[in-house]
Amino acid sequence: MSKQQNIIVWLIGICIMFIVMVAPSVVFAQQEKVNSSYGPTNQTETFDQIKAERMAVKNARAKEHMELLSSRYDLSKKTSTDILMSGGKPIPVGPTAKLIGVTWEQLNKMTPEQIKEKGLFPYKPLPFADHREGGMLFPEMITKSLPRLVRFDLDFDLPEWILPDPVPAIYLTTRPDLGDVAKGRLITINNYYEIFNGILNPKQLEGLRLLVTQFPQQQFNATEDRRTDRPDGMLGVTCFDCHANGNTNGANHLVGDIRPQEFRHRIETPSLRGVNIQRLFGSQRALKTVEDFTEFEQRAAYFDGDQCMASKKGINILERGSQVHFMAEFLALLDFPPASKLNIYGKLDQKRATPSELRGEALFNGKAQCASCHPAPYYTDNSMHDLKAERFYKQELANWMMMAHDGPIKTFPLRGIKDTPPYMHDGRCFTLEDIVEYFNLVQQLDLKSEEKKDLVAFLRQL
Ligand code: HEC
Ligand code: HEC
């Protein structure tokens, strides 16, 4: 080989080496960041740095969210004192959803395709107050009495008049003679013993103690990656911080088991009244026992389904036989509130109900077909259904949440339903009137306005 040929061979060699060794790293370096399922356990920033980053976006994101809420809903207060929640609070009245350029009657006549095309569906999935961030978020009515639940980076979004009673009544399946055991008191670690000693057995008392004991959680813990300033907040949250008095206070969260973030559902705390007659737990996970959900809630949901984060932030492993079981045993004593117009079949007593309520019941069982999924006496079929609401809206981002399919969701029981607004897994229906409008569209029922009123009158009696 000549000297020139040698140089050419060398040059070709160097080119091949470059392609094999250097080019891939250039190509990969240009790829987007990995969309990881894991949270940043190896945190390199300090608490002050993380807090500053959150505070820098707080107001702009809150404004963005309030704009979305007020474009979708009329948030001016409307309540009714005709029938009160069992704790005594007036119930919210709707429909609160805003229509753009159409009436409910016109909307009822349109096909799902037409509603989707024109962007007119009033009940799209509801984004979390800051959907990019997520976490547990507590209403002001609760943080007023329990300031340890204040997050520095996020304020609660929904007005108090559409939330449940802050201090709900408690009814026990074992002692119906006592009526409301709570009597206007919020059950906490400070008073649970004096209120329940002598009414519960020692096992159940211990279960209740654990339900009102703080355990570390994603936003409330002692690490730099927390969202509380308060030392008492750093101990964590209790089950009853959300399931207030075994019911709900409207605290919300992002579901732990969906990725990426924009597909995660906002989830409203469900009531735990009547878990004893239910067979599926969680809106989508369908865990099979209250014990499983109790264990899962603290091990997984508290840390967004990220077991690495859980280890770092201080997961409290409950012992199955003597702690999980005791907690679940207490939960299984929580009864639905009394419904004075229902007979032993869970149907309206003809002598006590008004004509409007009776017409509502007939619609519920007949034309509106509600009973096919919500049969008496507890008004749940203990199953899940996919209502396919996505027939009515396009898959697009709204404040960083994907307006995606809900998928199959648990049929929540309707006993005591007037006590637990807002409704649906994500709270998108603020009132029972909104519920009737939602199902009227989703089931394509074309109900008349009198029929809608009758259905609401019936639902208020359950
Ligand atoms: C953010 C406040 C919050 C806290 C704190 C909390 N939960 Fe929940 N809980 C929820 C939400 C939201 C759901 C609904 C989950 C879903 O939609 O999948 C739920 C669901 C449940 C269910 C299933 C109810 C049903 O009808 O399917 C049980 C049981 C339960 N929680 C028990 C507990 C226990 C026990 C604790 C304490 C270890 C606890 N929860 C702490 C918010 C909370
Ligand atoms: C095909 C089954 C099905 C039919 C028919 C149906 N529902 Fe439901 N219902 C569900 C499911 C599933 C959910 C939970 C949906 C969600 O959370 O996204 C639900 C939720 C609700 C809720 C909210 C419960 C809560 O705790 O937030 C109310 C109230 C309700 N339905 C009333 C009605 C009424 C009234 C009708 C008739 C007009 C009706 N449903 C028809 C399956 C059904």
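No value in this document is a laboratory result; all are computed from the given coordinates. Since this is a predicted model, take the numbers as computed values, not measurements. Ideal geometry is used to build each Cβ from the backbone, glycine not excepted, and the neighbour counts take in all protein chains shown.
Overview of values
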read-out: For Leu287, residues with placed amide H under 5 Å, excluding near neighbours; value: Phe281
read-out: Chain lengthening between Asp386 and Ala56 when straightened (0.36 nm per residue, less Cα-Cα); value: 114.9 nm
read-out: Derived scalar couplings ³J(HN,Hα) [the range 64-73; Karplus, 6.51 cos²θ - 1.76 cosθ + 1.60; whole Hz; x for Gly, Pro]; value: 4, 5, 5, 5, 5, 4, 6, 6, 8, 10
read-out: Per-residue HN-Hα couplings for the range 339-350 [Karplus 6.51, -1.76, 1.60; θ = phi - 60°; Hz; x = Gly/Pro]; value: 10, 5, 9, 8, 8, 5, 8, x, 9, 5, 6, 4
read-out: Likely footprinting exposure, Thr41, Thr213, fewest C-beta neighbours within 10 Å first; value: Thr41, Thr213
read-out: Relative contact order of the chain, pairs being alpha-carbon contacts under 8 Å that are 6 or more residues apart, as %; value: 19 percent
read-out: Cα-projected label distance for Cys373 with Val34, points at 7 Å along beta-carbon direction, nm; value: 3.9 nm
read-out: Value of Rg/Rh across the range 135-250 [Cα atoms, Kirkwood radius]; value: 1.00
read-out: C-alpha long axis of helix 202-211 to longest principal axis of the chain, angle in °; value: 50 degrees
read-out: Residues in the range 373-403 that a label on Asn343 would reach, taking backbone N under 18 Å of a point 7 Å out along Cα→Cβ; value: 375-379
read-out: Alpha-carbon spread of the range 226-289, three principal axes, descending order, Å; value: 39, 33, 18
read-out: Degrees, to the nearest 10: 432-442 long Cα axis against longest axis of the chain; value: 60 degrees
read-out: Under the Debye formula (equal points on every Cα, no solvent term), log10 I(q)/I(0) of the range 60-459 at q = 0.08, 0.09, 0.13 Å⁻¹; value: -0.41, -0.53, -1.15
read-out: Nearest 10 degrees, 0 to 90: helix 449-459 Cα axis against the chain principal axis; value: 80 degrees
read-out: For Ser80, residues with placed amide H under 5 Å, excluding near neighbours; value: Ile91, Val93
read-out: Virtual spin-label span in nm between Ser449 and Asp177, 7 Å along Cα→Cβ; value: 5.1 nm
read-out: Under the Karplus curve 6.51 cos²θ - 1.76 cosθ + 1.60, θ = phi - 60°, whole-Hz ³J(HN,Hα) for the range 106-114, x wherever Gly or Pro sits; value: 5, 4, 4, 8, 8, 7, x, 5, 5
read-out: Along the chain, longest interval not containing exposed GluC sites (Glu not before Pro), exposed being DSSP loop plus at most 16 other Cβ atoms within 10 Å; value: 46-223
read-out: Ranking of Leu120, Leu432, Leu441 by count of other Cβ atoms within 10 Å, fewest first; value: Leu120, Leu441, Leu432
read-out: Paired Rg and Dmax values of the range 69-140, which use every Cα atom, in angstrom; value: 16.1, 43
read-out: Virtual paramagnetic centre 7 Å along Cα→Cβ of Asn191, amide N under 12 Å, in the range 235-253; value: 245
read-out: Ascending count of other beta-carbon atoms within 10 Å, so fewest first, for Lys347, Lys63; value: Lys63, Lys347
read-out: Glu268 long-range amide H proximity, modeled H, under 5 Å; value: Asp426, Gly427
